[in-house]
Amino acid sequence: MFKLLRASLLMLLVMTVITGVLYPLAVTGVAHVAFPHQADGSLILRDGHVVGSRLIGQPFDDPRYFWGRPSATSPQPYNGAASAGSNLGPTNPALADAVRQRIAALHAADPGNTQPVPVDLVTASASGLDPEISPAAAQYQLARVARARHLDVARVRQLVAAHTQGRWLGLFGEPRVNVLALNLALDAPSH
Amino acid sequence: MTANDYLQMGLFLGLLLLLAIPLGSYMARVFADTPNRVTRFGGGIERAIYRLCGIRADEDMGWKRYTLAMLVFNLVGLLVVYALQRCQAWLPLNPAHLPAVSADSSMNTAISFATNTNWQGYGGESTMSYLTQMLGLAVQNFLSAATGIAVLVAVIRGFVRRSAQGLGNFWVDLTRSTLYVLLPLSLLLALALVSQGVVQNFHPYAEATLVQPSHITETVKDAAGHPMKDAQGHDQTRDVPVTTQTLPMGPAASQIAIKQLGTNGGGFFNVNSAHPYENPTPLSNLLEVLSILLIPAALCLTFGRMVGDRRQGWALLATMLAIFVPLLIACTAAEQAGTPMLAHLGVDQHASALQAGGNMEGKETRFGIVDSTVWATATTAASNGSVNAMHDSFTPLGGLVPMWLIQLGEVIFGGVGSGLYGLLAFAVVAVFIAGLMVGRTPEYLGKKIEAHEMKMASIAVLIPCALVVIGTAIAVMAPAGVAGLANPGAHGFSEILYAVSSASNNNGSAFAGLSANTPFWNVLLGICMFLARYPLIVAMLAMAGSLAAKRHVPPSAGTLPTHTPLFVALLACVVIVVGALTFLPALALGPIVESLSGH
């Protein structure tokens, strides 16, 4: 029994060194040579400051910006330190209330808009950090953003198209628009 | 459902088979008794490890010795993970200064990772230091998976060997699983994931300045901590500005690779593979979801090669697919249809070129519906338990599919190793039932199935069923059990049923609204996870020991062939009947009644 215990402890130690130390260090080492930007979080820099990550969404509720998916993180939405979904069930009245409020907020920011609201714009994402919206959700907000910024709708549409990604190989995933990148492009001085 | 939904499902299954075939034959060589090119290649490292640990690699262990080595090794690992969590505050690599984890949560997590369940009562980025994640959790990701493969290989040897005492050497099987299978695949996957944007570093969490500053509304409190009231008697609130965003970092990619490949499923971040830093693109998603089923599918083919009849392996894989594919389509159809509640509010849930449509609550835009349902079905068919969408927010019938797949005993793919030895227990039951029909002693793969084998197979089949039913009963009766529900009515019951099913079948996914990080839930689920893993392994190894000692019976005219569509149908029926008879009453109280009341 003692021999078995000793073998177990030593085996655990050896395996810990291989899988718990050497393996992650090897991955980190190669990753930082081959993909340094991705390994460090795909950060977006402006004048040397980090203004966000391409992969992590930010909260927007100003009519001048495109809004992202509703976020269920707490205490504030898009809290990167505590990712979370709402976990509300499909028949939970609290979900209906939340969706009703989100529709109302969208209508309040854009009273003339009578299009049906795309589902991803009023439902909370799984992570609470979803960086993207569907092209339908971007199109729904186009006129509002253009009006709030006194920009030509065609110009804004062009920007949305430039920040839209299709399915991978035209097959996998869903088409989507990166909200933070689009809003940063709107804020860029050239417009 | 859209044409693209079907296309993505079909391509996924095609790619899975394409990858499983070469891996299956490779693993057959890794675990072969005779030296070959693969085992010679790593022979030097292997021998060094055995010498260092004082292990005699040529010892052929009987089933009791094999079981004992497995149990002691797992127990030691479990205790180390517990100790690491309790001490992380005083250990290095803790840049976020996270405190020690509570005793009940540490116990739950230690059992969870040692048993290949990876149920997580905690949120990774706010609980575990980098050191705990690397030396505790990531190591167990490898070792629990390697343990599962080792036990499976020993069980297969029980069928293959004739009049033999030994089942092989646990240490050799464990080492080879890790070095030749899990480690190289993880390295490749981890680097592919980093290329897509999964983080891999040891930096402290980054701070970003928000483009549009935001605020949180909080209640104003007096010195005693009570909310202050305004003139109308309402709680006074104030706005606190939020100008920055914390971006979590860490060595995520290396851990995500093995948690997918080893059917572990424990996420680096709280929302698991729904987190954009764990699963940033459709390509990363495809790689991760393929990794869930890759080894369990390939092991079926390894099995066929090891027993010397490849058709036997294909029959088991066909059985898995026969149950998996219809359930995948059902889940996708339910989610793509959306929910009546949102339809009443005038929300546009139709699929089009511009949006995925469907039930998007708790789903990510880049995955839409079909990537989320493929994942949900795969992760619960296999005992992986990672998620890329919140199962709690699935439609009632869409959520029933993953729950029932777990309750089928984690044998439709199942955990690496554990899924196949679980299905072999069902196969023994199936040939026994067939034997009863014609009044002959049943045989499987040339071995007579007698009373002892039937007892062990029945124990293996019934343990998870009993744990789910008894555990759920305890939880709904205990005030502490219902205290943490996030949703009212039938859906709340589903949250409890899902949690106990997940733990009692070593899956690890959740209807995550349930607040399960309480002493009651940590203890109950800890016990379920432990009993679902080790007694079942002991029963299977006992069966293998008895089978190995038997002589080979040549097939006769009365032998039921076990590679035919007839046997596939029989085996699938046995799995479904056991799962349906045991759980339909409980499912009727949860998702089924919710679905009927939701319209």
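The values are calculated or read from the model by the stated rules, or taken from the named source; none is laboratory data. Quantities reported herein were computed from a predicted structural model and do not represent experimental measurements. Backbone-built Cβ (ideal geometry, glycine too); neighbour counts: all protein chains shown. Surface areas here come from the heavy atoms of the whole protein model, side chains and all, with no ligands, DNA or RNA. Shrake-Rupley method; radii C 1.70, N 1.55, O 1.52, S 1.80 Å.
A simple charge model with +1 on the Cβ of Lys and Arg, -1 on the Cβ of Asp and Glu and nothing else charged puts the dipole of chain B at about 2600 debye relative to its Cα centre.
Provide a whole-number value for the mean count of partner chain Cβ atoms within 10 Å of the Cβ atoms in peptide B:504-514.
Working: counts 0, 0, 0, 0, 0, 0, 1, 2, 5, 6, 1.
Counting Cβ atoms of other protein chains within 10 Å of each residue's Cβ and averaging gives 1.
Relative to the dominant Cα principal axis of chain B, helix B:418-438 is inclined by about 50°. Return the FRET efficiency for the residue pair A:D187, A:A154: r is the Cβ-Cβ distance, R0 is 25 Å, and the value is rounded to the nearest 0.05. The value I calculate is 0.85. Considering segment A:1-154, its Cα convex hull presents a mean projected area of 15.9 nm². Ranking of B:W314, B:W90 by solvent-accessible surface, largest first: B:W90, B:W314 (1.4 Å probe, protein heavy atoms only, all chains present). Principal axis extents of the Cα atoms in segment B:377-521, from largest to smallest and rounded to whole angstrom, are 53, 31, 25.
For peptide B:559-566, the mean count of partner chain Cβ atoms within 10 Å of a residue's Cβ comes to 0.
Under the simplified labelling scheme, the B:A3-A:A161 pair shows an inter-label distance of 2.4 nm, with each label point 7 Å from Cα along Cα→Cβ.
When shorter helices are ignored and each DSSP H run of at least 4 residues is given -39500 (n - 2.57), the per-residue value for chain B at 222 nm works out to -19000 deg cm²/dmol.
At a temperature of 20 °C and a viscosity of 1.002 mPa s, determine how fast segment B:522-599 diffuses translationally according to Stokes-Einstein, using the Kirkwood radius over alpha-carbon pairs as Rh; express D in µm²/s, rounded to the nearest whole number.
Working: Rh = 17.1 Å.
Estimated via Stokes-Einstein, D reaches 125 µm²/s.
Based on alpha-carbon atoms, the Kirkwood radius and the radius of gyration of chain B give Rg/Rh equal to 0.99. Here B:K259 is the anchor, and the aspartates and glutamates within straight C-alpha reach of less than 15 Å, apart from those fewer than 8 places off in the same chain, are B:E278, B:E288.
Taking only the Cα atoms of segment B:105-155, the radius of gyration and Dmax are 12.0, 40 Å.
As an exercise, use a Förster radius of 45 Å and the Cβ-Cβ distance of B:L15 and B:K221 to find the FRET efficiency, rounded to the nearest 0.05. Before the final figure, lay out each step's value.
Values: r = 56 Å, r/R0 = 1.24.
Computed FRET efficiency for B:L15 and B:K221 comes out at 0.20.
With the biggest extent put first, the Cα atoms of segment B:443-599 measure 59, 37, 21 Å across the principal axes. Helix B:565-587 and the longest principal axis of the Cα set of chain B meet at an angle near 40°.
Could you give the length gained on full extension between B:L188 and B:D58, defined as 0.36 nm per residue of separation minus the Cα-Cα distance, in nm?
Numbers: separation 130, 0.36 × 130 = 46.80 nm, distance 3.13 nm.
Between B:L188 and B:D58, full extension yields 43.7 nm more.
For chain A, the dipole from Cβ point charges (+1 on Lys and Arg, -1 on Asp and Glu) about the Cα centre works out to 240 debye, to the nearest 20. If only the Cβ of Lys and Arg carry +1 and only the Cβ of Asp and Glu carry -1, the dipole of the protein assembly as shown around its Cα centre is close to 2580 debye. Within chain A, the whole DSSP H helices whose Cα atoms reach 18 Å or more along their own axis and whose mean Kyte-Doolittle score is at least 1.6 are A:2-15. Altogether, the Stokes-Einstein calculation at 20 °C and 1.002 mPa s, with the Kirkwood radius of the protein assembly as shown over Cα pairs as Rh, returns a diffusion coefficient of 80 µm²/s.
Near the amide H of B:A206, within less than 5 Å, lie the amide hydrogens of B:L247, B:M249, all on another chain or at least 5 residues away, with H placed in the peptide plane. The heavy atoms of B:R440 present about 100 square angstrom of accessible area, all protein chains included, probe 1.4 Å.
Per the helix-only calculation at 222 nm, which mean residue ellipticity applies to chain A, given -39500 (n - 2.57) for every DSSP H run of n ≥ 4 and division by its residues, nearest 500 deg cm²/dmol? Walk me through the numbers on the way to the answer.
Numbers: 7 runs with 80 residues, N = 191.
For chain A, the value works out to -13000 deg cm²/dmol.
Size of segment A:130-191: Rg and Dmax of its alpha carbons, in Å, are 12.0, 37. Here the simple spin-label model places points 7 Å from the Cα toward Cβ, and for B:A353 and B:A557 these points are separated by 6.6 nm. Note on exposure: B:R551, B:R366 ranked by accessible area (1.4 Å probe, complete protein assembly) read B:R551, B:R366, with the most exposed listed first.
Of all the C-alpha pairs in segment A:107-166, what % are more than 16 Å from each other? Beyond 16 Å sits 50 percent of the P(r) for segment A:107-166.
Using a 10 Å cut-off on Cβ to Cβ distances, tally the other chain neighbours for every residue of A:133-143 and report the average as a whole number. If you can, show how the numbers build up before the last one.
Working: counts 2, 9, 5, 8, 5, 2, 2, 3, 0, 0, 0.
Across the residues of A:133-143, the mean count of other-chain Cβ atoms within 10 Å is 3.
Here, P(r) means the percent of Cα pairs in each 10 Å bin from 0 to the largest distance; for segment B:41-152 it is 13, 38, 28, 17, 3.
For the pair B:M454 and B:K229, label points projected 7 Å from Cα toward Cβ lie 7.3 nm apart. Can you tell me the FRET efficiency between B:R238 and A:N113 if r is taken as the Cβ-Cβ distance and R0 is 22 Å, rounded to the nearest 0.05? The computed FRET efficiency comes out at 0.10.
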